[in-house]
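Beneath this line is the structure, given in structure tokens, with notes to follow.
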Amino acid sequence: MKNLVLFGPPGAGKGTQATFLKDTYNLIHISTGDVFRFNIKNETDLGVLAKSFMDKGELVPDQVTIDMLSAEVAKNLDSNGFIFDGFPRNTLQADALSVLLKAHQTEVSAMIALEVDDEVLVQRLLKRGETSGRPDDANQAVVRNRIKIYYGETAILKSYYSDLNKYYGVDGVGSVEDITVRLNTVINTL
Ligand code: AMP
């Protein structure tokens, strides 16, 4: 299995790129944010819980997120592998991902990070908020909180995966097509 962690701050373009990569490499794309939004739309218990955190730009509690991710992985064990988008968000989640994949005799192949400057991110997210219908994109304070949490809790995963020789950084500024080419160049070396 090829298991890619697509990494980068909110607004880096992970979701956009994942839609291309999953087709090219025939992988299952799991976006934890998308699964939460699906549950919010369907007013499930998980959705109600997740919404209370997401509306503030905070992380949904780890165990809830890990259980949800494990269930998504379990549904697709016959696949070629996964693109994890928005997960892991901290070292506890990264450890849980390693345990989970090991239980299925596989592992993270690489973390590929889209590197984008902060102010570009805020502008991109606010612009996306005009059309995405996502309340957490439309409010500048919430957008900044998400970026703050990224740097406070998530960015450390760069060294977590670097220590495992699994970190690959890609310039995330440019046209969608150019960035896809950069990602493919990295993935083809794996
Ligand atoms: P995203 O779609 O990745 O930007 O995520 C949107 C929101 O969903 C985040 O701000 C969190 O509230 C929640 N979320 C998504 N993924 C995770 C995760 N791995 N751990 C905790 N919360 C998450």
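Annotations
- Number of residues in region 102-152 that are surrounded by 16 or more Cβ atoms within 10 Å (Cβ to Cβ) and more than 15 Å from the ligand (Cβ to nearest atom): the value is 4.
- Unique residue being part of a helix (DSSP H, G or I), without any contact (Cβ under 8 Å) to a residue 60 or more places away in the chain and under 24 Å from Y151 (Cβ atoms) when the list is Q93, Q17: Q93
- Criterion (of a type outside the set (V, I, T), under 23 Å from L21 (Cβ atoms) and more than 16 Å from the chain's Cα centre (by Cα)) met by exactly one of S70, S132: S132
- Subset of region 73-90 (residues that are in a helix (DSSP H, G or I) and either under 18 Å from S162 (Cα atoms) or under 17 Å from the mean Cα position of the chain (by Cα) (or both)): V73
- Residues satisfying the stated conditions in region 22-72, i.e. of a type in the set (V, I, T), surrounded by fewer than 16 Cβ atoms within 10 Å (Cβ to Cβ) and in contact (Cβ under 8 Å) with a residue 24 or more places away in the chain: T24
- Restricting attention to region 20-49 and to residues that are among the small types (G, A, S) and within 28 Å of I187 (Cα to Cα), the residue that is farthest from the ligand (Cβ to nearest atom) turns out to be S31.
- Region 20-58 - residue that is within 22 Å of I83 (Cβ to Cβ) and not in a helix (DSSP H, G or I) and, of those, nearest to the chain's Cα centre (by Cα): S31
- Residue that is under 25 Å from D55 (Cα atoms) and at pLDDT 95 or above, where the choices are A94, A141: A94
The values are calculated or read from the model by the stated rules, or taken from the named source; none is laboratory data. No experiment lies behind these values; they were computed from the predicted model shown. All Cβ positions, even for glycine, are placed from backbone atoms using ideal geometry, and neighbour counts span all protein chains on display.
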